[in-house]
1. Taking the criterion of being more than 15 Å from the chain's Cα centre (by Cα), in a helix (DSSP H, G or I) and free of Cβ contacts under 8 Å to residues at least 12 places away in the same chain, would at least one residue in region 73-91 satisfy it?
2. Only one of Asp109, Asp137, Asp147 is modelled with pLDDT under 90, part of a helix (DSSP H, G or I) and charged (D, E, K, R); which?
3. Give region 81-102 a look and list any residue that's loosely packed, with under 14 Cβ neighbours inside 10 Å and at pLDDT below 90, or say none.
4. Identify the residue in region 23-69 that is farther than 19 Å from Leu104 by Cα and in contact (Cβ under 8 Å) with a residue 24 or more places away in the chain and, among all such residues, is surrounded by the fewest Cβ atoms within 10 Å (Cβ to Cβ).
5. Determine, yes or no, whether Thr134 is under 23 Å from the mean Cα position of the chain (by Cα) and surrounded by fewer than 17 Cβ atoms within 10 Å (Cβ to Cβ).
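The values are calculated or read from the model by the stated rules, or taken from the named source; none is laboratory data. From a predicted model like this one, the values you see are computed outputs, not experimental measurements. Heads up, the Cβs are rebuilt from the backbone with ideal geometry, glycines too, and the neighbour counts pull from every protein chain shown.
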Amino acid sequence: MENKVPANFRGFVGEPTSELATAFLFGLLYDYLPFSFVPTRINDAFPDCEGIDPNTGRHIAIELELLSRNYIGHGHPIGGCDYIVCWRDNWPNPPIPVIALEELIAENDLEGKRFILVHRPGSLRAELETLCTTRPDIYEAVTYFLDKVLSQVQQRIPGVHLDEELSAHFVVREVNGRGFMGVYPHGKLVCGTIKGFVAGYGESCREAAEHFRNIVKGIGVLQNKTQADQVGTAIVTLLTALGYGKQKSEG
């Protein structure tokens, strides 16, 4: 990690793994927040940070989280703050505005200036990064699927989200949190059984589940963008058959 730090660099090097690291980044990136804010209190309890909008005098409450969805896991009230500031946003359609510092860094071209991302040893992303030189085809295909294809799927099926917290593989989950497929950093694809899909969603999903499973098993290991796109299409078809998509989100 040390050789990645330029001379006179002042910022954060690494991969945030805690709420405390998020708080430090929040301070570093304060000037780039998309809203006017002057902190007046840092609390030991909810909400983590309070302040005012200097233009209007409006009170603003902020809760800091490593992942936006942790807000629910920590039992915080939906109407309890004005913003969630987190490292990564993993909460589809959150009822509270989310400021993801990961996205703020990209939008303001701050990589290498205020922040240098070095994935922590043992993380899924770190394992994926090792393939960049040894298997660039798989690295490109898996990265494309995780960062591009799933984003396109989320536009069609708003509840889909990626879980990167498990140690073995990335998990693609639907809106209720049920995991229905996994992607290993080395590209191997896994998915639920037909029996499991039918038990969870009913007999009517059997045909779509069989189609989805055939696509996943047929590809086996992601090696190009075309395969990644095929899996993305299959996900939309499956989840539409399970009752998700535009019609359900509008209801």
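1. Yes, because at least one residue in region 73-91 is more than 15 Å from the chain's Cα centre (by Cα), in a helix (DSSP H, G or I) and free of Cβ contacts under 8 Å to residues at least 12 places away in the same chain.
2. Of the residues listed, the single one that is modelled with pLDDT under 90, part of a helix (DSSP H, G or I) and charged (D, E, K, R) is Asp147.
3. Asn93
4. Phe46
5. The answer is no for Thr134.
Conditions (1) out of contact with any Phe, Trp or Tyr (no Cβ under 9 Å at 6 or more places or on another chain); (2) in the same structural domain as Glu164 (by TED's automatic domain parsing); (3) over 28 Å from Leu150 (Cβ atoms), marked per residue:
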site: Pro6; (1), (2), (3): yes, no, yes
site: Arg10; (1), (2), (3): yes, no, yes
site: Asp53; (1), (2), (3): no, no, yes
site: Arg88; (1), (2), (3): yes, no, no
site: Val98; (1), (2), (3): no, no, no
site: Ile105; (1), (2), (3): no, no, no
